[in-house]
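Here's the structure, in structure tokens; my notes come after.
The values are calculated or read from the model by the stated rules, or taken from the named source; none is laboratory data. Keep in mind that this is a model prediction, so the values were computed, not measured. Heads up, the Cβs are rebuilt from the backbone with ideal geometry, glycines too, and the neighbour counts pull from every protein chain shown. When the accessible area is computed, the model is the full protein with side chains, heavy atoms only, and any ligands, DNA or RNA have been set aside. Shrake-Rupley method; radii C 1.70, N 1.55, O 1.52, S 1.80 Å.
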Amino acid sequence: MNEYPDSELVNLVCEKSEEARDVLYEKYKYIIDIIYNKYRKSAYYLSVDLNELRQEAMVGFSDALVNYNQDKDVNLSTFISLCAERRVRNYIRSQETQKNKVLRNAYSLDDSPFGDAEEVPLKEMIGNSALDPQVTLEDLENIRELKKQIDEILSPSEKEVYKLIINNFSYEDIASILNKDMKAIYNTSSRIRAKIRSILDEK
């Protein structure tokens, strides 16, 4: 089975072939090792079981095999890297203190919502210069309401881009995952930002 191309092995995995999955794991386990080592220090400081950290990377690996779209121009290795790292990164975040979890899941008040240093920070978009960095329950409720409104106003394609942006994927990664050129991603992000601004202008 080692001589099979990745595309055929992925198809076999979708048909519940453990042998095909094992072959792909042996081929790409180096990716799991790289991601594991990258986040091991963070896991140590958070007292996270390192076995659980590796297990999360493996779950991301499995998700990649199941969700891999061969019609899109993305290498399997790249997709495995993206899925496994996202899974581990989200797991690390979930292990932080309750206060940090809330702040991480809410919008940063100091950073642009699109990760672009040239964009206006969300704090300025909100227009509340008196907002203390120690987010209050009332502030958090406002943020939750904002997130709900954003979800309602975005189109399906915009939501797809938006979710990747707020999960810290670069525009380049997003373009690869969605099989779109960079200009299309930038244009979509601009529409998203304009819609968010329209919501904030009503407040």
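Restricting the first member to the range 184-198 and to residues that are within 24 Å of Glu145 (Cβ to Cβ), and the second to residues that are open to solvent by 60 Å² or more (accessible area, probe 1.4 Å) and in a helix (DSSP H, G or I), the beta-carbon pairs closer than 6 Å and six or more apart or on different chains are Lys195/Ile153.
A residue that is aliphatic (A, V, I, L, M), in a helix (DSSP H, G or I), in contact (Cβ under 8 Å) with a residue 40 or more places away in the chain and over 16 Å from Cys83 (Cα atoms) occurs somewhere in the range 10-29. Residue check: Thr188 meets all listed conditions (1) open to solvent by 20 Å² or more (accessible area, probe 1.4 Å); (2) under 19 Å from the mean Cα position of the chain (by Cα); (3) not aliphatic (A, V, I, L, M) but one, namely (1).
Does the range 72-86 hold any residues that are touching a residue at least 60 places away in the same chain (Cβ under 8 Å) and not in a loop (DSSP other than H, G, I, E, B), and which are they? Answer for the range 72-86, where residues must be touching a residue at least 60 places away in the same chain (Cβ under 8 Å) and not in a loop (DSSP other than H, G, I, E, B): Leu76, Thr78, Phe79, Leu82, Arg86. Just so you know, in the range 38-66 the residues that are outside any helix (DSSP H, G or I) and surrounded by fewer than 14 Cβ atoms within 10 Å (Cβ to Cβ) include one that is modelled with the highest pLDDT, and it is Asp49. Of all residues in the range 159-185, those satisfying the criterion of being charged (D, E, K, R) and over 18 Å from the mean Cα position of the chain (by Cα) are Asp181, Lys183. All conditions but one from (1) in a helix (DSSP H, G or I); (2) modelled with pLDDT under 90; (3) not acidic (Asp, Glu) apply to Asn69; the one that does not is (1). Checked against the criterion of being open to solvent by less than 60 Å² (accessible area, probe 1.4 Å), closer than 19 Å to Asn167 by Cα, modelled with pLDDT under 85 and not aromatic (Phe, Trp, Tyr), the candidates Ile80, Ile92 yield just one match: Ile92.
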